[in-house]
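Q: Provided herewith is a single structure, encoded as structure tokens, for subsequent inquiry.
The values are calculated or read from the model by the stated rules, or taken from the named source; none is laboratory data. None of the values given here were measured: they were computed from a predicted structure. Cβ atoms come from the backbone with ideal geometry, glycine included; neighbour counts cover every protein chain shown.
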Amino acid sequence: MKQMWLTLAGVVLFLCCLSCTNQESNTRLNEGGISKLSQDSAQQIFTSYCAGCHMDNGQSRAPGLIHLGSMTPRSIMASLETGKMQVQGEALNRSQKIALAEFLTNRQFVVESPAVNYCSETDLELSELKYSGWGGNNRGTGNIPFEVSQLKAEDVPNLNMKWAFAFDGGNVTRTKPAVIDHFLIFGSQFGEVYCLDMYTGCVKWIFEADANVRGGMAVSENENGAFAVHFADFAANVYSLNASDGSLKWKSSVKTEPNNAVTGTVAYHDGLLYVPLTSMEVVTAGQGNYQCCKGSGQVVAVEATSGREVWRHRVIEEAATERGVNKIGVKIFGPSGSPVWSSPTIDAERGLLYLGTGENNSNPPTNNSDAIQALDLKTGALIWNFQATSKDAYISACPDGANCPDPPGPDVDFGMAPLLTTTAEGKDVLVVGQKSGVVHCLDPGTGKPIWQKRIGRGGALGGIHWGMATDGKLVYATNSDWLEVGNDPEFPSSPGVYALDLLSGEVAWKNTPDPSLCEGIPGCHNANSAAPTLIDGVVFAGGLDGFARAYDANTGEVIWQFDTNQSFETVNGVEGHGGAIDGPGPVVANGMVFFNSGYGLFGQMPGNLLLAFAVE
């Protein structure tokens, strides 16, 4: 999900600072890092190589000095070594990365792992799957039935925080737990996969992946009743674990291009795992000497029992060819882009797999960027393609970067997983929100629009960014619209939570967070970007102002809220602080609600928490 799920278009995290790899600055870093960098030298390096992206002047979506300083050396190292800046980080040796991380944060990089609050009894006997995947079911509806949630609408106002779990050194929290019995299984910014007892927050087991885990967990059950947990890391490795103890069953790389990465959640159906692949050229191409661009978004189907590849769909079928030179004379290639940021959605009845695609990264533009596609579940063959926005070619260094396409597109891709649902009239529809601020309702068999409704002006970091939820009557969307520059300047900024009639697209209600709650708080925005979650009568949605909220599903009235932008004592003893709520929607199971808190990208409020709420 930019699921972007996470969108990275328009973000150049550390990109300018990595220009410090010229000979002069390399010498300085090699001389011992922060202990040898004088104030004057540090200021000169920042001014020469970083200020263009990272000044706190509101002109860039890259983190400014305030937010870089609030990060930890561990989070910067994770980004450089296993995260979205891994390609750029390859230009630096480890000592240089540590020096850069310490200089930016003014803190020492510590390698030691934090203590773990293991449960007194670690043996697991698992019997019932409660929640799996991105939207809780293969249709991706985000609607949790009562037999799973065990939470009634009338009890929601009485929710209290039960425990907090902190990720040591974290600044971006986008966990999406799977639930088996009363155990949570989820990944982390640093590649650990945890199994926690949901009632106490103690740790049953930990598995360490090779790179950070941005998506959720897909769970399968075999004929003997044993559960397997499937996920992918940012380095495009796919894993299968024994759910009972976290031991590795198999691991398989699905990377075929240097910039392949996984930011979405794998989907499981009938023995196959469907893995979404993005292309990080949207960031890599920010370097003017990079030959932009050749990659494409993909979906790969692998066997759930072995990881063996069954089929592979490349969104852009045409291979990139040389298309001239960029603004500084470096060769450029195209077509490219159309990344798949989010989880695919499964339509078992029609035998189709639905996916959303992102922008092109170079010209010529293609008809499968900013699109919804339907593939054959068994073969990967393209059945239909619906393009919502044409001629959207964009990289993170637009508009001034040497590789920025001419003209640059608006960067309004699909960052969320499509929702397949059935209306009150018994008709199946496919509903998906776009970063343009438009909600599209499509015929799932043909891809033809049934209705389209604009609820926001849209842009690179919203309108609809991460997801929606539906009960078959209304579709609930969170609209960002917090940037000063939007996709449609004629449409007013309209952040908040929306309910739309599923038959017509007309807005039933809207609720915008109180802007006064953000007064005087850097990085705080009265907007909603994280995906919502639905139970009977209640919509849960987190805000960029740090508040976890519950809304009456029929009226939009806030019936419960909790300010997560504060420090917490945690069950694992790690210093914890909340922040902006972005990314995945909360999970509700066994009468408990689980929210992420902290999202330090894009100048938002960082944090490192998973928070558990229950009715006392």
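Q: Failed condition for TRP250, given (1) in the same structural domain as TYR354 (by TED's automatic domain parsing); (2) modelled with pLDDT of 95 or more, with all others met?
A: It fails just one condition, (1).
Q: Okay, next question. Can you tell me which condition ASN367 does not meet? The list is (1) surrounded by fewer than 18 Cβ atoms within 10 Å (Cβ to Cβ); (2) modelled with pLDDT of 95 or more; (3) out of contact with any Ser or Thr (no Cβ under 9 Å at 6 or more places or on another chain), and all the others hold.
A: ASN367 satisfies every listed condition except (3).
Q: Can you go through GLU303, GLU257, GLU309, GLU318 and tell me which one is in contact (Cβ under 8 Å) with a residue 24 or more places away in the chain and closer than 28 Å to LEU80 by Cβ?
A: On the way: GLU303 fails: closer than 28 Å to LEU80 by Cβ; GLU309 fails: closer than 28 Å to LEU80 by Cβ; GLU318 fails: closer than 28 Å to LEU80 by Cβ.
From the options GLU303, GLU257, GLU309, GLU318, the qualifying one is GLU257.
Q: Does region 539-551 contain any residue that is under 23 Å from VAL593 (Cβ atoms) and more than 24 Å from the chain's Cα centre (by Cα)?
A: no
Q: Still on this structure: For region 458-492, how many residues meet the condition of being surrounded by fewer than 24 Cβ atoms within 10 Å (Cβ to Cβ) and more than 21 Å from ARG549 (Cα to Cα)?
A: Total satisfying the criteria: 10.
Q: Which of (1) of a type outside the set (S, T, N, Q); (2) closer than 27 Å to ALA550 by Cβ; (3) more than 25 Å from the chain's Cα centre (by Cα) does LEU419 not meet, given it meets every other one?
A: (3)
Q: Do we have any residue at all in region 188-203 that's under 24 Å from the mean Cα position of the chain (by Cα) and on the phi > 0 side of the Ramachandran plot?
A: yes
Q: All but one of (1) modelled with pLDDT of 95 or more; (2) in a loop (DSSP other than H, G, I, E, B); (3) polar (S, T, N, Q) hold for GLN189, so report the exception by its number.
A: Here GLN189 clears every test but (1).
Q: OK, next. Go through region 377-393 and give me each residue that's buried (at least 16 other Cβ atoms within 10 Å of the Cβ), of a type outside the set (D, E, K, R) and assigned to a loop (DSSP other than H, G, I, E, B).
A: Hits for region 377-393 are LEU377, GLY380, ALA388, THR389.
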